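Chemist: First, the structure itself, so that you have it in front of you.
The values are calculated or read from the model by the stated rules, or taken from the named source; none is laboratory data. Computed from a prediction, not measured in an experiment: that's the story for all the values here. We place every Cβ from the backbone using ideal geometry, glycine too, and count neighbours over all the protein chains shown. Heavy atoms of the whole protein, side chains included, go into the accessibility calculation; ligands, DNA and RNA do not. Shrake-Rupley method; radii C 1.70, N 1.55, O 1.52, S 1.80 Å.
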Amino acid sequence: MESLDTREFDYVLLQDPTISRRFNHSGTALLAHMPLADTVEIVLPARVVRLLKVKLPRAKASALQRVLPNLLEDRLMSDSSDCHFALLPGIYAGGEREVAVVDRTWMRLARHISQRWPGSRSVCISEALLVPVVPFIVLDMPGQKNASGSISGFIRHTDGVLPFTTDAQHLPVELQLLRPALESSTSLGLAGASPALCQAWTDELGQALEPSDWNWRHAAVADPAMTLFQCEFARNATPAGDWQRVWRWPMFFAAACGLAGILGLNLHWLKLEREANALRARMSADFRTLLPGMSDRGEPLLMAKRQLGRQQGDDHFLVLSQALAQATLSSGTQALPPLKRLDYRNGILKAELHATQNAVEVIQRLQSQRELEVRTEGNLVIVSRRAS
């Protein structure tokens, strides 16, 4: 396929869209030499865009776009995944809607052309949607034959578009097939044909054909609502398949950074966990050094942490526990009384001791300290700070 950058395109520049195209500047130029414009209208050949009528349920346009490939699959000659579907405005009799079906290759070409004007509004339209009346016949190359010596064109009728190829002497077979549907038309325009060809086809068809000098350059400005740039080909949409190429490396680096961050957080968490375990071990060793007879089932470290958490800003626990530890360590015998239970709440330390001689000595030593108030209830020693 010829490169778009080296191919010349026909164009029409409208200084005022309300004025007919024939009164404005037109020409042929490369894409790089095209004049700038606020709105760009890209006209696709009628033969590449099929117009189909289908009865659709009442639903949002976005929902209808998703079901169009399934509804029209049986009416297409190609794979529906290779086609782009554009829902056109307007509702016909019986609730039918017109749908434009075009190969995605043509849509990608149209989008590439529209990127020449990145700041402009782009409209993609089929040549068949610009005809002045329906039905209407248009020859692709007015007054010329293609390389095979035949004439090509299209017929815009009420049910869609029908491309044809024929010689200059004979009426297109497609037009003969449509003869019953065209009989109801009072007049049938034929654009791009000579008067002699128009008369020859009139005699063969049995219906008057009116010659016309219409072509897409003379057509009125298309309604932006008729644009084929819909769904993934819309200006603000990401074209199908392109976002992977555009965002491939940024997404790769983003994923790599995310994985590195997660790995770093896990390593940092493991480091903090090891430090926390070491700190718990030192705290437990220090606590059991002060209170070596504490039962393992008592979980002294957890008890102390809970009680300290309930007494934020209260340092009486440290004072009372240190006094209890000193009284215990000052005992003259090595058979230290193990603690059965230790509790601290509201500035009061409660220690339950085993009934031994050492327990009596511990109580006496606590009572000898003037700043402490000591009471006993059986084997339970209640220690608190004496009010000054």
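Chemist: What is the calculated FRET efficiency for Arg280 to Glu352, with r their C-beta to C-beta distance and R₀ = 25 Å, to the nearest 0.05?
Modeler: 0.50
Chemist: Okay, moving on. Let me check I've understood the local charge: for Pro163, count other residues with C-beta under 13 angstrom from its C-beta, Lys and Arg +1, Asp and Glu -1. What total comes out?
Modeler: Details: positive: Arg47, Arg50, Arg156; negative: Glu127, Asp140, Glu174.
Once all neighbours under 13 Å are counted, the net charge is 0.
Chemist: About its Cα centre, how strong a charge dipole does the stretch 65-133 have in debye, to the nearest 20, once Lys and Arg get +1 and Asp and Glu get -1 at the Cβ? Can you show the working numbers first?
Modeler: Numbers: 8 positive and 8 negative charges, 91 e Å.
The dipole of the stretch 65-133 has a size of about 440 debye.
Chemist: For the stretch 44-169, what does the accessible surface come to per residue with a 1.4 Å probe? Please give it in Å².
Modeler: 50 Å²
Chemist: Going by amide H atoms built from the backbone, whose H comes under 5 Å of the H on Val161, apart from near neighbours?
Modeler: HN-HN under 5 Å from Val161: Leu51.
Chemist: Expressed as a whole percentage, what fraction of the accessible surface of the stretch 28-117 belongs to carbon and sulfur atoms when a 1.4 Å probe is rolled over the protein heavy atoms? Intermediate results must be reported in sequence, preceding the final value.
Modeler: On the way: 2560 of 4920 Å².
Within the stretch 28-117, the accessible surface is 52 percent carbon and sulfur.
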